[in-house]
Amino acid sequence: MATSLSNTSSFFSSTIHSPTIAATSTNRTFSYFKPSKTLPRKSVSMITCTLNNAYIPHHIQDPNRIRILDTTLRDGEQAPGASMTQKQKLAIAHQLARLGVDIIEAGFPASNKADLETVKLIAQEVGNSAAGHIPVIMGLARCNKNDIDKAWEAVKYAKYPRIQTFIATSEIHMNHKLKMSKEQVIEKARTMVAYARSLGCNDVQFGAEDAGRSEREFLYEVLGEAIKAGATTLCIPDTVGYNWPREFGQLIADIKSNSHGATNVVISTHCHNDLGLAVANTLEGAYSGARQLEVTINGIGERAGNASLEEVVMTLKCKGELLGGLYTGVDTKHIAMTSKMVEDYTGMRVQPHKPIVGANAFSHESGIHQDGVLKNKSTYEIMSPEDIGIHRFNEAGLTLGKLSGRHALKAKLFELGYNFDENELNQLFLRFKSLAEMKKIITDEDLITLVSHKVSEAQVEYYQA
């Protein structure tokens, strides 16, 4: 089934990329575009090409193609209070497939029987879709046979199953949590990756927990041994969100240069947001050679959360050219619906000023901004809400309040069917400003009341309340 990457009302294309190896059994249509610096906002030129979709775990044919691994159902659910039912997880997994993510980390099967059954159900249904995009279904496992057995039991029903097995590699984790020596960690990593492969799983991701704080030479050695044992993807986590972009980008570049065999596998990032740098670190990792990015919807996850899918994907969409032509296969018009579904199911509310999906992301209240947007949306919008699947009730996204000016008021009144001369508008504007001092947001009903000269004292008291 052909899928469109996005509504492209604010972008145009100048580049064609070669066909991409992607995780699906059918051909897909891919669109590449970049922001226009010279053309009007509505001037659009788009290039599409058909992708060859044979999935190869350790290799991506197009060096600019980024795989997106969504871990909302595993790491995202680890956020306090974010647990979901099996039915909700299955619904989100179906939505993630519509969104076009390449890999879904569906859960941690060894953690409990319910999680195992949920991952199995997702593998059976979402991992074998009769129509459309078929993502890789991945289960998490610690470096022990019981975890790996349960992960394989759950994911093996998918068309493209993957096991991720992980072990910590930083001194603080090895000494205080694992109580293992470096040699023991290397041996455990080697044997457990090999064990996962021996079960018949040809797609094994190895994760070096706390890689961002690990001693480099030791990390290179562990990763090299994992590759030799059969790992097809290496996950490089900033587990505690401690790295900063230049530091994390250099880590990815150094791993590619110093871990034996690293150029023959896919490097993945997994960044936490403890210092608010998860998205920046993820993008820097991609720029430095990572070709799989691990993210969650709305950025939910442990502690301060994970890199946000919508922020990473839309940054690549807007700034991909600056990042060397990097792009994803995500169909961005499904972002808003996916975000809302995750918000509703987890109860983790999205703050109004959240980039991309927050309630205020495409709203304008300042008079200066409203005037600019009414003249040309690109004055204050670098993307359109339609790009992520939002159709706002008014074309310019105007929110009337005490900072709004005459131009915005006139436009909103015209939308409601009123047209006033300058003198009438000035008189109405004074009443509007008085009301706006007492009420944060002015609704359509408020404007109709103002126009009808029916603002009573009772109404003013209500507005103040």
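A short reminder: the numbers here are calculations on the coordinates, not readings from a lab. What you are looking at is a predicted structure, and each value in this text was computed from that prediction instead of being measured. Note that each Cβ is placed from the backbone with ideal geometry, even for glycine, and that neighbours are counted across all protein chains shown.
Descriptive notes on the structure:
- Label-point separation, Met438 to Gln124 (7 Å along Cα→Cβ), nm: 6.2
- Relative contact order computed over region 67-346 (Cα-Cα under 8 Å; 6+ residues apart), in percent: 19
- Stretchable slack from Ile382 to Glu343, in nm (0.36 nm times residue separation minus alpha-carbon distance): 11.6 nm
- Taking 0.36 nm per residue of separation and subtracting the current Cα-Cα distance, fully stretching the chain between Thr449 and Arg216 would add 77.1 nm.
- For the peptides 271-283, 142-154, residues were scored by their other Cβ atoms within 10 Å and the scores averaged per peptide; the highest-first order is 271-283, 142-154.
- Contour minus Cα-Cα distance for Phe414 and Asn112 (0.36 nm per residue): 102.9 nm
- Percent of Cα-Cα distances greater than 27 Å, calculated over region 133-281: 19
- Diffusion constant of region 67-346 at 20 °C, which comes from Stokes-Einstein with the Kirkwood Cα-pair radius and 1.002 mPa s, µm²/s: 117
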